[in-house]
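Presented below is the structure to which this report refers.
The values are calculated or read from the model by the stated rules, or taken from the named source; none is laboratory data. Small disclaimer: the values here were computed from a predicted structure and weren't measured. Here the Cβ positions follow ideal geometry from the backbone for every residue, glycine too, while neighbour counts run over all protein chains shown. Note: areas computed on protein heavy atoms with side chains; ligands, DNA, RNA excluded. Shrake-Rupley method; radii C 1.70, N 1.55, O 1.52, S 1.80 Å.
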Amino acid sequence: FDVDAKEETTKGTDNLDKASITKENEILKEQNKALEAEIKALKEVNATTENQVSSLDFSQYSRRGYVQASTPIESMTNLTETLGGKVNLYVKRDDMLPGASGGSKTRKLDFCIAQAIEQG
């Protein structure tokens, strides 16, 4: 058993590990920059979408009144924490709407049935 040879092997392994870690850090930094750019683009799209949605006027359409009340918005704390806690996630509880399907189907049905009745 050669102690000097073992020390040389360990030094070589240490250098290899440092080089691997350095390269991995560089890759992670590049990926982080790409993700930051993607987040910025998504925020811009989100802002545009929010402006478009807020300008929609549904009062011109007849409704049946199936959806009387708004549904709650709840924080998804566990998922937020699981994903690192940098973004707060929420869910709109449309499953609490009346009817079996809930959600956007019930909201759309509110308009579609009114239109069908109007058209005979």
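Pairs over the 20 Å Cα-Cα cut-off, from the set LYS40/LYS86; LYS43/LYS108; LYS18/LYS86: LYS43/LYS108; LYS18/LYS86.
With the whole protein complex present, ILE117 retains an accessible surface near 100 Å², based on a 1.4 Å probe. Electrostatic bookkeeping for PHE111 treats Lys and Arg as +1 and Asp and Glu as -1; over the other residues with beta carbon under 12 Å from its beta carbon, the sum is +3. For the pair GLU26 and LYS43, label points projected 7 Å from Cα toward Cβ lie 2.9 nm apart. Modelled label positions at ARG107 and GLN60, each set 7 Å beyond Cα in the direction of Cβ, lie 1.9 nm from each other.
Of the whole protein surface, LEU83 contributes about 120 Å² of accessible area at a 1.4 Å probe radius.
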